[in-house]
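Engineer: Here it is: the structure, laid out below.
Since every read-out is calculated from the coordinates, none of them should be taken as a lab result. The structure displayed is predicted, hence computed values, not measured ones. FYI the Cβ positions are ideal-geometry reconstructions off the backbone, even for glycines, and counts take in every protein chain you see.
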Amino acid sequence: MSRTSPQSICIMRLSAIGDVCHAAAMITRITRAWPECKITWVIGKIEYQLVQGMPHVEFIVCDKKHPQAKAQLKSALQGREFDVLLMMQVALRANWLSTVVKAKKRIGFDWARAKEGHWLFTNRRIAATQHTHVLDGFMQFADAIGVPSQPLAWDIPIQASDRQWAYDQAQAFGPFVIIAPAASKAERNWTASGYAEVMQRLIKTGITPVLCGGPGPVDAQISADITASISAQDQWTNLVGQTSLKQMLALMSHAQCVVAPDTGPAHMATTVGTPVVGLYAHSNPLRTGPYLSLDHTISVYDEAIEQQFKRPWHKLPWGTRAKGKDLMHGIDVEKVWMTMSQIIEQQSTSVKA
């Protein structure tokens, strides 16, 4: 560590899974450059299950919905003061919780990205930029405190038991593709018929489709809708609601690719280097898409924005969302299948080589 580098840093990023994946890359950059720096990450209880065990990181799990969340966080931080607080979430609840964190420097987003009174809780700001991916925006926090550049990496550990479980599953599946069909909001999901068609084509080509997702009702409903039209005798597996986040992450590392809408699993797959076919309509994939697979994204966002605002997205505020419950219906099965097939072929060629 240099003499000018901070000795202690607090990170405020409670949610969600995708954003936590991006934050983990930024934190990995810090810990690799400054392993002696004490990092404390205030994080949500579900998100913690994914990144638990990251080296050189102390976690304080905060249930932001608990009525005593602020008091509990204050108690956990009693008597502590940090050199720097990185305020990496603009939501009002996160801003409010940050008031119990004592820090000399409180670095937040620039004026354009600061929302819900975010600027009131900070005394420094990262540089203003245009058309920046969320991960690159998070990396600006590392820039702001002088962290040397590092190769992009995610030091998210996976326990040996979870790796063994994933290996055993992968051996049983043979070549397989993970479909993570559910976003946090149902309108961001592709059609059940589209997913079912892709699964049936995979089955015909000898590749096992594996459904993955969380235990929530949106995940359960769309997985039921998808599998309703697929024969139980065919080779496919439904693991929705049946894996931990670490198990899902380990399994993704063996998949030929992951197919997903704008949802956390797409970014989880990115952390283990698995190609992602991202399906987008409501948000700009250049901002929120799977960082290492932007070329594989199937998006109707541009068209939706043009139709709704009569202007292209680059002439609107960055992050402008398209609205409509049926926008994802515009994604074409043939385009999805063509992109998947190209990735699968590339994966097969690289294995043979």
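Engineer: Leaving out same-chain residues fewer than 8 places away, which lysines sit with a Cα under 22 Å from that of K74?
Structural biologist: Correct list for K74: K38, K45, K64, K65, K102, K104, K105.
Engineer: Where does the chain land at 222 nm, in deg cm²/dmol rounded to the nearest 500, when only DSSP H runs of n ≥ 4 count, each adding -39500 (n - 2.57), divided by all residues? Don't skip to the end; give the middle numbers.
Structural biologist: Working: 13 runs with 136 residues, N = 353.
Counting only the DSSP helices, I get -11500 deg cm²/dmol.
Engineer: Taking the chain as the reference, fit the longest principal axis to its C-alpha atoms, fit the long axis of helix 217-227 to the helix C-alpha atoms, and give the angle between the two in degrees, 0 to 90, nearest 10.
Structural biologist: 20
Engineer: Subtracting the Cα-Cα distance from 0.36 nm times the residue separation, let me have the gained length for D225 to D332 in nm, one decimal. Provide the component values of the computation, followed by the final result.
Structural biologist: Numbers: separation 107, 0.36 × 107 = 38.52 nm, distance 1.85 nm.
Between D225 and D332, full extension yields 36.7 nm more.
Engineer: Suppose the chain between R124 and D136 were pulled fully straight at 0.36 nm per residue; how much longer would it get relative to their current alpha carbon spacing?
Structural biologist: Values: separation 12, 0.36 × 12 = 4.32 nm, distance 1.82 nm.
Gain on extension, R124 to D136, equals 2.5 nm.
Engineer: Can you give me the Cα centroid spacing of region 1-58 and region 200-268 in angstrom?
Structural biologist: Measuring centre to centre over Cα atoms gives 29 Å.
Engineer: Here is a follow-up. So, counting K/R as plus one and D/E as minus one, what does the shell of residues with Cβ under 14 Å around G137 add up to?
Structural biologist: Net charge around G137: +2.
Engineer: For the chain, what relative contact order do you get, as a whole percent, if you take Cα pairs closer than 8 Å and at least 6 residues apart? Write down the numbers at each step before the final one.
Structural biologist: Numbers: 653 pairs, mean separation 52.9, N = 353.
In percent, rounded to a whole number, it is 15.
Engineer: Cα centroid distance between region 303-346 and region 124-143, in Å?
Structural biologist: Spelled out, the Cα-based centre of one part sits 24 Å from the other.
Engineer: Sequence neighbours fewer than 8 away in the same chain don't count; with that in mind, list the lysines whose C-alpha is under 25 Å from K204.
Structural biologist: Within reach: K335, K352.
Engineer: A16 to L294: extension gain in nm, 0.36 nm per residue of separation minus the Cα-Cα distance?
Structural biologist: Numbers: separation 278, 0.36 × 278 = 100.08 nm, distance 2.00 nm.
So the chain would gain 98.1 nm between A16 and L294.
Engineer: Next up: Between Q68 and W111, what's the calculated FRET efficiency when r is the beta-carbon distance and R0 is 35 Å? Round to 0.05. Mind showing how you got there, number by number?
Structural biologist: On the way: r = 33 Å, r/R0 = 0.94.
After rounding, the FRET efficiency stands at 0.60.
Engineer: For the chain, which longest stretch is free of loop sites, where a loop site is one of the GluC sites (Glu not before Pro) that DSSP puts outside H, G, I, E and B and that has at most 15 other Cβ atoms within 10 Å? Let's see the in-between values first.
Structural biologist: Numbers: sites that count: E36, E81, E116.
It works out to 117-353.
Engineer: Which shape class, rounded, prolate or oblate, goes with region 1-101 when its Cα gyration tensor gives a ≥ b ≥ c as root eigenvalues, a/c under 1.5 marks rounded, and past that a/b bigger than b/c marks prolate? Show your work: numbers first, answer last.
Structural biologist: Working: a/c = 1.88, a/b = 1.32, b/c = 1.42.
Since a/c reaches 1.5 but b/c is at least a/b, the shape of region 1-101 is classed as oblate.
Engineer: Tell me, what HN-Hα J-couplings in whole Hz come from the Karplus equation 6.51 cos²θ - 1.76 cosθ + 1.60 at θ = phi - 60° for each residue of region 195-200, using x for Gly and Pro?
Structural biologist: 4, 4, 5, 5, 4, 5
Engineer: Report, to the nearest 10°, how far helix 17-33 tilts away from the longest principal axis of the Cα atoms in the chain, using its own Cα long axis and a range of 0 to 90°.
Structural biologist: 50
Engineer: Follow-up. According to the square roots a ≥ b ≥ c of the eigenvalues of the Cα gyration tensor, what is the shape class of region 64-104, taking rounded for a/c under 1.5, prolate for a/b larger than b/c otherwise, and oblate for the remainder? Could you put the intermediate results ahead of the total?
Structural biologist: Numbers: a/c = 3.07, a/b = 1.16, b/c = 2.64.
Because a/c hits 1.5 or more and a/b fails to exceed b/c, region 64-104 counts as oblate.
Engineer: When a/c is below 1.5 the answer is rounded, else prolate if a/b is larger than b/c, else oblate, so apply that to region 145-206 with a ≥ b ≥ c taken from the square roots of the Cα gyration tensor eigenvalues. List each step's numbers first, then the result.
Structural biologist: Details: a/c = 2.60, a/b = 1.40, b/c = 1.86.
Verdict is oblate for region 145-206.
Engineer: What's the angle, to the nearest 10 degrees (0 to 90), between helix 160-173's Cα axis and the longest principal axis of the chain?
Structural biologist: Relative to the chain, helix 160-173 is tipped by roughly 20 degrees.
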